[in-house]
Amino acid sequence: MASHLEQEIYEQPAVLRALLEGEADNVRAIAAAIRAFKPAFTYIAARGTSDNAARYAQYAMGTLLRMPVALAAPSLHTIYETPPDLARALVIGISQSGASTDINRALSDAKAQGALTVAITNNPDSTLARAADYHLYIHAGPERSVAATKTYTTELAAVAMLVSALVVSDSLAAALAALPALAERTLALAEPMAGWVQRYRYMDKLITIGRGINYCTAFEIALKAKELNYITADGYSEADFRHGPLALIAPGFPVLVVAPEGQTLPGLLEFLDLLNERGAESLVISNAEAAFTHARYAMPIPEMPEWISPICAILPGQLFAMRLAHEKGYSLDAPRGITKVTITE
């Protein structure tokens, strides 16, 4: 019988479809409220996997809306009790459960100052959902595995829907409508992974690399590798990695690079050449054939616009972490030492 984790990974095309259909009108209403409020900037409070969704929002809103986006330091609201001035901000809380104290506090502080507040959660009855001016329900359904998968992709898609509604672009809307089919195709393209993942059974360290819109993907894959396989895994921007951490790379060092077609691809191709010169073992998620030249193993995704690629590019990373954990004999649904809902203050 398949684990909850495997079932939830393969449910992602369906839950993306449910989100796109179920929240279309609500997203238009939220977009209208944002236009009327005319925020000076966006401030996003999140933790864990949801914080990686916030990283996606930072780039999606920055590139498509030219909106300054700040990621919250929740301790300013709780431990230090010195919230920033958010009176003219659009404040978004992203939380699968909507229960984390510090994310709720960031939203309540902002609302008290007069900010426009939006909650993105998988629980319409949560404290966060009730506290916000608007709630965007991600429609992921119950997620029984501790490691988040479908809640992450639907958080990304919720952000993408909001950005598309604010831009009002037929091409962006068409890209969103194609997402469920693109996710299905991505999962099908990942099937050969089952035949080679055993090679990494004894791997105890992993570097994951992204850039720009897929900076979040590098971080989220590293998080899944840590949660499920108990290895040292760190996500980096390709640019940041050149500033010192590159010294880590020796022959055979495993590096997973997220390099889809788009504006970041030329720099990532150059980086892959550099990894090859140093003898690294590169795993590459891409839809550009040029990116696979030096790959030990290719992890292909379909052709799609760069701005939505993180929603599909994470899927091979989730499967890699899951299949590796299976090879090691680890629990897929209940990794040691962590729980589904983490309450931080």
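Candidates are the residues of region 278-328 that are in a helix (DSSP H, G or I) and either touching a His at 6+ places or on another chain (Cβ under 9 Å) or of a type in the set (D, E) (or both); the one that is farthest from L162 (Cα to Cα) is E327. Any residue that is within 15 Å of G48 (Cα to Cα) and among the aliphatic types (A, V, I, L, M) - is there at least one of those in region 229-241? Yes; the residues of region 229-241 include at least one that is within 15 Å of G48 (Cα to Cα) and among the aliphatic types (A, V, I, L, M). Being closer than 17 Å to L172 by Cα, hydrophobic (A, V, I, L, M, F, W, C), touching a Phe, Trp or Tyr at 6+ places or on another chain (Cβ under 7 Å) and open to solvent by less than 30 Å² (accessible area, probe 1.4 Å) holds for only one residue in A60, A53, A89, A72, and it is A60.
Restricting attention to region 158-172 and to residues that are β-branched (V, I, T) and farther than 15 Å from Y134 by Cα, the residue that is least open to solvent (accessible area, probe 1.4 Å) turns out to be V163. Answer yes or no: is there a residue in region 269-284 that is touching a residue at least 24 places away in the same chain (Cβ under 8 Å) and closer than 15 Å to A321 by Cβ. The answer is yes; a qualifying residue exists. Here region 206-258 is the region considered, the condition is being among the β-branched types (V, I, T) and assigned to a helix (DSSP H, G or I), and the residue that is surrounded by the most Cβ atoms within 10 Å (Cβ to Cβ) is T217.
In region 128-151, which residue that is basic (K, R) and in contact (Cβ under 8 Å) with a residue 60 or more places away in the chain is surrounded by the fewest Cβ atoms within 10 Å (Cβ to Cβ)? Out of the qualifying residues, it is R144. Taking the conditions (1) within 20 Å of Y152 (Cα to Cα); (2) open to solvent by less than 50 Å² (accessible area, probe 1.4 Å); (3) of a type in the set (F, W, Y) in turn, F37 satisfies each one other than (1). Scanning region 116-127 for residues that are in contact with an Asp or Glu (Cβ under 9 Å, 6 or more places away or on another chain) and open to solvent by 10 Å² or more (accessible area, probe 1.4 Å) yields L116, N122.
The values are calculated or read from the model by the stated rules, or taken from the named source; none is laboratory data. Treat the numbers as computed from the prediction; the structure is a model and nothing was measured. Glycine also receives a Cβ, built like all others from the backbone with ideal geometry; neighbour counts cover every protein chain displayed. Areas reflect the complete protein model, heavy atoms only, side chains present, ligands, DNA and RNA absent. Shrake-Rupley method; radii C 1.70, N 1.55, O 1.52, S 1.80 Å.
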